[in-house]
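The values are calculated or read from the model by the stated rules, or taken from the named source; none is laboratory data. This is a predicted model, so every value here is computed, not measured. Cβ placement follows ideal geometry from the backbone for every residue including glycine, while neighbour counts extend to all protein chains displayed. We work out accessible area using only protein heavy atoms, side chains counted, and drop any ligands, DNA or RNA first. Shrake-Rupley method; radii C 1.70, N 1.55, O 1.52, S 1.80 Å.
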Amino acid sequence: MDIVKHLKKHTERIHSQLLNASIKERQLLKTTTLRFYFLLPDFENVVHQHLKITIDKDQLVSDIVEGHLEKYQKAVEKSNAEIDEYGDDFEELEQMEIFILEAFENATSSSEDIHSLEKLFTGIIDVLDYYENFSDRPEYWNSLLEKELSFQIELLNLLKSPEDFDSFIYQKRYEDVDFSEI
């Protein structure tokens, strides 16, 4: 699948649907998509190592829903400020670490920031594309990737009937997928 060709149109569709979402719906979507990233290898350790905070996933989700994001945002800001690309001790991050840290930053940004929510959705696509490109089973990952594009639109449509919305949908959808290190 040529993801670049489809991604622009897909992102525009996501953006237009998110414009109509309430703050509560955006918070729900942030926690829902974040649960996908929880499945990536070593999520908690990557956050702890790079942001110097210990997280409890349930508390993190609760804090996103309640809008209690300051401590997370400060940790991200501090970490970003300490990066010195030209320093002798600079270590380039592994791709999986980048996915996790970007997802964490986007999930803990203001729910008014539509762009961060869009990045959570496109980040999922990027993760699947990464696995497709670097795993020994590209057809498997390509299939997941193709299904993900339509699933994201379905997910946004589910917001219209909140009683049917399952915030664990990503966790359930990908619980049997092996996101081992490549």
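Values computed for the structure shown
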read-out	value
Where a residue in the range 159-174 is open to solvent by 30 Å² or more (accessible area, probe 1.4 Å) and its partner, wherever it lies, is among the acidic types (Asp, Glu) and not in a loop (DSSP other than H, G, I, E, B), with Cβ under 8 Å and at least six apart	PRO162/GLU25
Those helices (runs of 4 or more DSSP H) lying entirely in the range 19-102 with at least 3 residues at pLDDT 95 or above and closer than 21 Å to VAL127 by Cα	23-38, 43-51
Residue in the range 58-67 that is touching a helix residue (DSSP H, G or I) at 6+ places or on another chain (Cβ under 7 Å), under 21 Å from ILE98 (Cβ atoms) and touching a residue at least 60 places away in the same chain (Cβ under 8 Å) present	no
Residues satisfying the stated conditions in the range 23-40, i.e. in contact with a helix residue (DSSP H, G or I) (Cβ under 9 Å, 6 or more places away or on another chain) and surrounded by fewer than 16 Cβ atoms within 10 Å (Cβ to Cβ)	LYS24
